[in-house]
Amino acid sequence: MLNQVIVTADRMRAIESLMFAAGMPVAALMEKVAGLIARRLAEIYPIATYRRVGILVGSGHNGGDALVVARELWHRGREVRVYSPLAKHKPLTRVHRCYAQSLGIPFVDLEELKTCDLIVDGLFGFGLERNIQGELAGIIDKVNTWGIPILSIDLPSGIHTDTGAVMGVAIRATHTLCLGLWKRGLFAESTLSYVGQVERLDFDIPEFMVRQVLGDAHAEWRIDPKQIFRHSSQSSRGNPASSCLPIPRAITTHKYQVGHLLLIVGSQTYGGAALLASLGAKASGVGMLTIAVPNSLRLMVLAQVPDALIIGCPETDRGAIAQLPELDLHKYQAIACGCGLSLEAKAIVERVIKAPCPLVLDADGLTLLASLGIDRLKARSQATILTPHWGEFSRLFPELKLEDRLTAVQRAASQTGATILLKGARTAISFCDRLATSSLEMPEYQQTWVNPESTPALARGGSGDVLAGVIGGLLAQGMTGGNAAIAATVWHSQTAIWLAKQRTEMGVDPLILAQNLLSFLAHKTV
Ligand SMILES: NC(=O)C1=CN([C@@H]2O[C@H](COP(=O)(O)OP(=O)(O)OC[C@H]3O[C@@H](n4cnc5c(N)ncnc54)[C@H](O)[C@@H]3O)[C@@H](O)[C@H]2O)[C@@H](O)CC1
Ligand SMILES: [K+]
């Protein structure tokens, strides 16, 4: 649980206050935390290569942490230099400063840090309140130009704890050690070029205190990718129940028990999208797959996906699906619609919105939904998953485009009742459900999960089609909207990370991705 909650500065302060009120001395906690930072630093940046360490010290407890780290590194034989540009300090920071000086640790001018092998950034943590200006801004700008590795304590100084906004300037870290609980701002896409590699440093915050502050309906969570993949005998801990892969199967399972998915995809212009979505759906292990495409694509899709039922649909002059033939939409456990559909297929989207089964809308399906009006979703009684990237999201929810991504996705999901999967480098998924770790009596509530690991290898046309197909397949097999969105997102991004290691980020085209989803899953769960 502690590795999954995302907190704001206020929540972090409230949890910290509970620890202090219960008797943990403030100074003891700083000592413990900074000791852990110093130990982790020694693993990441060994003394043999990073002997000279420059420490940036601010006025608050982030600076206090940095001074304890400075002292510990000094005792372990590093050449430490401290730069402490502010005149006033919080009392605990001040005493650590005095003690460091009494040990003979040099307090130097900024320029003298230029020859260091490593910089430790302890200027500001979650206490940053306003834009950084004047001399301090100049200091950060300068340090960023040196090209020396920087380890930031808690957050890169200058990053807003809650929104991730850059408060004027910010340190560009190579490594960030987030203390205790994940800070919300670390998950904003705009901070990714500032945080470097991010780790959480656990300092034994009692879980009951975290629960006391966050309550039973905590809204923002970080997905733990490791918990998605498991042997079928293992139970899920933390991530929403049954978002785990592979989906277990009873020995007597027959094909009609593992879902029938209808894909409505493709146009003459975007034939490949239909194939990629189909291959994603196929990898999900869905029992039956029916693919509705324009007539002219029928044989091409049949040749590539021989195990699917292919329905050729009448098409417009420009090769979009003009109408669905007499299909009984009741017989499908899920429908995924939109990949490569083209913007001529509005009538199709109008029809599938009324379908009496779970529905995934992607790509052109979303743009068409935006033109029909998001209110159309009110007619739906079954799960709906929308999978927009930011551009599609802004068309669907223009009034939310100024919000930060986490707030925006949360509002969109509560407005529509749908699961919203906002794609990006840190895909965020918001839906209304019970939390897996809670009792069944617990009411459903709005929750948002962020995928913390991905790769720019996925930034190419067609990756999203594969994802939509996988989600459709998982939905058809009975996963809830939120669980299917989480499982598919993690599976898709972890497969891409795995492939990028073998083929470079240039080598993960969507076809390779779709073809390797199952090899990755097998490799992960043996
Ligand atoms: N949460 C926890 O349980 C723990 C927190 N610790 C550390 O304490 C930090 C938070 O400490 P603080 O609350 O003292 O906050 P910070 O150390 O982040 O900084 C706050 C100080 O900076 C000043 N300040 C804020 N914005 C400024 C600006 N734009 N320009 C100039 N000065 C500005 C404030 O007046 C205040 O003096 C954490 O980030 C972490 O490093 C650890 O020591 C121990 C455990
Ligand atoms: K910092």
Grab the other residues whose beta carbon is less than 10 angstrom from that of Thr455, score K and R as +1, D and E as -1, and report the net.
-1
Local net charge near Cys432, Cβ-Cβ under 13 Å (Lys/Arg +1, Asp/Glu -1)
0
Along each principal axis, Cα extent of the chain, largest first, Å
85, 47, 46
Under 5 Å between amide H atoms, partner at least 5 residues away or on a different chain: which partners does Asp162 have, H built in plane at 1.01 Å?
Ala9, Gly185
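Determine the calculated [θ] at 222 nm for the chain from helices alone, applying -39500 (n - 2.57) to every DSSP H run no shorter than 4 residues and normalising by the residue count; nearest 500 deg cm²/dmol.
Working: 16 runs with 192 residues, N = 526.
Result for the chain, helices only: -11500 deg cm²/dmol.
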Give a residue-ordered list of calculated ³J(HN,Hα) values for the stretch 185-198 (Karplus: 6.51 cos²θ - 1.76 cosθ + 1.60, θ = phi - 60°; whole Hz; x for Gly, Pro).
x, 5, 9, 6, 4, 5, 8, 4, 7, 10, 8, x, 7, 10
Can you give me the angle between helix 405-416 and the longest principal axis of the chain, using Cα atoms only, in degrees from 0 to 90, rounded to the nearest 10?
40 degrees
Could you give the longest part of the chain that holds none of the trypsin sites (Lys or Arg not before Pro) found in DSSP loops with at most 10 neighbouring Cβ atoms within 10 Å?
131-526
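Past 18 Å, Cα to Cα: identify those pairs from Lys226/Lys524; Lys255/Lys524; Lys378/Lys423; Lys114/Lys142; Lys255/Lys331; Lys346/Lys401, in the order given. Each step should come with its number before you reach the end.
Values: Lys226/Lys524 9 Å; Lys255/Lys524 25 Å; Lys378/Lys423 23 Å; Lys114/Lys142 10 Å; Lys255/Lys331 14 Å; Lys346/Lys401 24 Å.
Those over the limit are Lys255/Lys524; Lys378/Lys423; Lys346/Lys401.
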With a/c under 1.5 counting as rounded, go ahead and sort the stretch 225-525 into rounded, prolate or oblate using the C-alpha gyration tensor (a ≥ b ≥ c being the square roots of the eigenvalues; past the cut-off, prolate if a/b is larger than b/c, else oblate).
rounded
Restricting to Cα pairs under 8 Å and 6 or more apart, the percent relative contact order of the chain works out to 12 percent
Keeping every protein chain in place, order Glu112, Glu392 by accessible area at 1.4 Å, biggest value first, i.e. largest first.
Glu112, Glu392
Using only the alpha-carbon atoms, what does the stretch 6-215 span along each of its principal axes? Please give whole angstrom values in decreasing order.
48, 35, 33
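Could you check how much of the accessible area of the chain is carbon and sulfur, as a whole percent, using a 1.4 Å probe? Spell out each step's value before the answer.
Details: 11100 of 21450 Å².
Accessible surface attributable to carbon and sulfur in the chain totals 52 percent.
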Which net charge results when you count Lys and Arg as +1 and Asp and Glu as -1 among the other residues whose beta-carbon is under 10 Å from that of Ser152?
-1
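Please state the relative contact order of the stretch 279-360 as a whole percent: Cα pairs under 8 Å, 6+ residues apart? Could you put the intermediate results ahead of the total?
Working: 105 pairs, mean separation 18.7, N = 82.
Contact order relative to length: 23 percent.
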Backbone HN-Hα couplings from phi across the stretch 136-144 [Karplus 6.51/-1.76/1.60, Hz, Gly and Pro as x]:
4, 5, x, 4, 5, 4, 5, 4, 5
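Where only protein heavy atoms count, and the probe is 1.4 Å, what is the accessible area per residue for the chain in Å²?
Numbers: 21450 Å² over 526 residues.
That works out to 41 Å² per residue.
The values are calculated or read from the model by the stated rules, or taken from the named source; none is laboratory data. Treat the numbers as computed from the prediction; the structure is a model and nothing was measured. Cβ atoms come from the backbone with ideal geometry, glycine included; neighbour counts cover every protein chain shown. Only protein heavy atoms, including side chains, enter the accessible area calculation; ligands, DNA and RNA are left aside. Shrake-Rupley method; radii C 1.70, N 1.55, O 1.52, S 1.80 Å.
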